[in-house]
Structures are given as structure tokens and as C-alpha cells.
Amino acid sequence: MFHTIQYHPVGIRIEEEISKGKVTFSDNARKQYAKSYGIVGNHSGVQICLWNKKCIQGNRGCYKVKFYGIDCHRCCQMSPALAWCSEACVFCWRPMEWMKRTSFSDSEVDEPDEIISGCVKARRKLVSGIKGGKRCDLGKFNDAFKRFPSHWAISLSGEPTIYPKLGQMIRKLKENPEVRTIFLVTNGQEPERLESLAKEDALPTQLYISLAAPDEALFKKINRSMHKDGWERLNRSLTLMAGLPCRRVIRLTLIKGLNDSFEHFDGYASLISRSKADFVEVKSYMALGFSRKRLGPAFMAEQDHMKAFSEKLVEKMKNYKIEDEDDISRIVLIRRKDSRYPNIIQKEMR
């Protein structure tokens with residue numbers, strides 16, 4: 001079935017401000033982002049997601065608890081570049097009105113210590129209101145409120161690899177004995193940053209590269225990179241990923257009727273195999289936030305469709321197998337058979 005995509009013009013971006021030599025939000029953008037996030041410093045932000053709240057209330061956590069064993073109630077989901085991204089993906093549930101910049105210099109950004117402490121403070125404020133509800137697991141609440149976050153998801157909004165001191169920030173988190181896991185999600189548009197993370201011994205516990213297209217034509221239609229060589233950049237990141245000594249994941253976002261045709265399997269299989277990813281998360285697009293203005297519920301794939309797609313995909317990749325699934329999140333986990341990493345992260349990955 002054909003569905004219409006409502007495209008937002010890629011070129012419409014907002015001029016950021018410079019405050020005391022630091023890059024920051026425009027006044028209007030700051031007001032808008034402050035409605036949904038805890039703003040940290042000049043360009044960072046933190047948020048507690050629905051699963052975080054549910055977990056503190058004594059319910060199940062997100063699928064990453066089931067797949068990898070993270071501490072959902074102690075998760076700090078944040079970004080050091082909250083309103084800046086080098087792509088304008090049609091499936092993104094963030095607004096497309098990003099700030100104009102796609103790179104920062106060292107001198108115009110906040111220091112890692114400032115961002116980390118600011119995120120902890122802002123997150124504590126966001127978590128505090130949960131205690132007043134009728135449904136609250138006091139043990140988990142006290143863990144979430146009083147202790148330093150044990151899981152850091154550097155993936156909230158924007159593109160974190162734009163932040164030039166990302167390696168320093170990850171190293172500082174790894175040095176904290178309270179931190180058990182660090183997940184970094186990137187769109188793969190900054191391969192040089194991934195190289196620098198490896199050289200600085202600053203790789204996260206688990207590195208994600210987002211994938212939503214099997215070829216350049218669909219990449220330009222779906223991801224809409226601000227870089228003319230965006231497809232080449234993604235491919236360099238995937239090739240680089242193969243040699244990185246950390247847990248590696250491809251996040252494949254499936255958009256029903258757009259990037260899930262049988263003709264796409266060979267392209268996906270080639271890209272994933274090249275990356276040597278330990279895990280592949282095949283996840284349905286979800287009609288949330290601003291993405292509803294561009295796509296909508298008709299583009300969401302049911303779990304049966306997700307599983308059928310994943311089964312066909314592993315037929316093309318003999319070294320991979322389906323490992324797990326989560327119906328509520330409409331996701332299937334695929335694992336490389338010879339990966340040295342177990343699904344569940346048993347201890348700190350220093």
C-alpha cells in the first residue's frame with residue numbers, strides 16, 4: 001500500500017546564538033526545548049523517558065533491560081548536542097528545525113564535567129516528581145534519585161558525535177565506579193570522531209550506528225544528510241566499526257512500505273556484514289512526536305511483519321541468527337553467531 005510522506009524542507013534551520021564565546025540555543029529554541037527536556041548548559045540536555053518512569057513505578061523497563069541487562073531506573077538519557085544534527089530523517093520524532101551548525105570547535109563548547117554534573121542535577125529534578133504518585137517503587141526511586149546514574153544513553157536528540165569533547169566525556173564516565181554501561185548512538189556521519197574515540201580509549205560499552213536505507217537513493221530520501229557525501233560517510237563508519245574493540249550494534253529502523261521491500265535485503269545484508277556488528281536491532285518506526293507530521297501510524301510495522309523481515313534478513317547473513325524479540329517495542333534482536341560478547345552485560349566494560 002502506498003502512503004504519502006510529508007517532507008519538511010531540509011534547508012530550513014535556525015541560527016544559533018553565541019553567548020560568551022559558547023554556541024547555544026536561540027531564545028525561541030531554548031523555550032521550546034525546555035518544555036520537553038532538562039536543558040543543561042549551553043547545548044546539552046537530558047530527559048527521563050516513559051520506560052524510565054514505568055520502571056521506577058515498579059513496572060517493566062525498556063527492551064534494553066531484556067536484551068542487555070541495563071539498569072533502566074538509573075538511566076541517564078542525554079545528548080551533548082541536543083538541537084544540532086547533520087541529518088533530517090523523516091522517521092525522527094524530534095523536530096526538523098535543528099540549529100544550523102553541524103560542527104563545533106573545542107573552544108565554543110561546555111566542558112565534559114559541566115555537562116555530566118548538569119545532567120545528573122537536571123535528571124534528579126525530573127525524577128523527583130515520580131515519588132508523589134500512587135505507583136512508586138521506593139527502592140527503585142531512591143536508587144534513581146540518590147545515586148549517580150549507572151546507565152548513560154548518549155542518544156537523546158541531535159547527533160552526539162558533533163560534540164568535539166565526546167571522548168573526554170566518555171572517559172570521565174568510565175572512570176566513575178557507579179557507571180556500569182554507556183551506550184552511544186550515532187548516525188555515522190562523523191567517522192573521524194569514531195576513529196578518535198578508539199585512539200583516545202574512549203569507546204562506549206556499546207556503540208550503535210543507525211541504518212534506515214540499503215542504498216544511496218533511499219538514504220537521500222529517508223536520512224537526508226546535510227553533507228553531500230553523507231552516504232560515503234555512513235559507509236566509512238560501517239567499515240570502521242568492524243575493527244572497533246567494543247560491543248557493536250546496527251539499529252535498523254523499518255518503515256512499512258518505504259524501506260522494507262524484498263529487493264532491499266541484499267543491500268542491508270551487505271552493509272551489516274561489512275560492519276561485523278555483534279547485534280542488529282530491527283525496530284519498527286513508531287509514530288511519535290513530530291514524526292507524525294511526516295509519516296504516521298500507517299508506516300508502523302506489526303511485530304509479525306518485523307519477525308518475518310528479520311527471518312528473511314538472516315537468510316542472507318549466514319553468520320547471524322535471531323536471538324530475541326520484544327512485542328511491545330516492535331523489535332527483533334539479531335546476533336552474530338561468533339560474537340565474543342554475551343547478550344547480557346554482566347559487569348562493567350572498562
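Below, the figures for the structure above:
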quantity: Within the stretch 221-350, percent of DSSP bridges classed antiparallel, to nearest 5; calculated: 65
quantity: Against the rule of thumb 2.2 N^0.38 Å, how large the Cα Rg of the stretch 281-322 comes out; calculated: 1.43
quantity: Ordering of 245-257, 82-94, 313-325 by burial proxy (mean other Cβ atoms within 10 Å per residue, highest first); calculated: 82-94, 245-257, 313-325
quantity: Kirkwood hydrodynamic radius of the stretch 1-146, Cα pairs, Å; calculated: 17.1
quantity: Protection proxy ranking, peptides 75-81, 278-284, average beta carbon neighbours within 10 Å, highest first; calculated: 75-81, 278-284
quantity: Nearest-20 debye value, the chain charge dipole, Cβ charges on Lys, Arg, Asp, Glu; calculated: 1060
quantity: Whole-Hz couplings from phi, Karplus 6.51/-1.76/1.60, listed for the stretch 186-199; x for Gly and Pro; calculated: 9, 8, x, 8, 10, x, 5, 5, 5, 4, 5, 4, 5, 5
quantity: Mean Cα-pair separation over length for the chain, i.e. relative contact order, pairs under 8 Å, 6 or more apart, %; calculated: 17
quantity: Percentage, to the nearest whole number, of Cα pairs in the chain over 32 Å apart; calculated: 27
quantity: Residue among 333, 34, 184 farthest towards the positive dipole end of the stretch 17-336, charges placed on Cβ; calculated: 34
quantity: Residue-count net charge about residue 40 - beta-carbon cut-off 13 Å; Lys, Arg +1, Asp, Glu -1; calculated: +2
quantity: Between the stretch 326-344 and the stretch 45-61, the alpha-carbon center distance in angstrom; calculated: 22
quantity: Within the stretch 198-348: Cβ-based charge dipole about Cα centre, in debye rounded to nearest 20 (Lys, Arg +1; Asp, Glu -1); calculated: 400
quantity: For the chain, calculated [θ]222 nm from helices alone, where every DSSP H run of n ≥ 4 adds -39500 (n - 2.57); calculated: -9000 deg cm²/dmol
quantity: The stretch 217-287 and the stretch 121-191: distance between their alpha carbon centers, rounded to Å; calculated: 25
quantity: Tally of Lys pairs whose C-alpha atoms are under 20 Å apart, taken over the stretch 46-128, 8 or more apart or cross-chain; calculated: 7
quantity: Kirkwood Rh and Cα Rg combined as Rg/Rh, the stretch 240-350; calculated: 0.99
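Here, each number is a calculation from the coordinates, and none is a lab measurement. Model, not experiment: these values are computed from the prediction. Glycine gets a Cβ as well: all are built from the backbone with ideal geometry, and neighbour counts include every protein chain shown.
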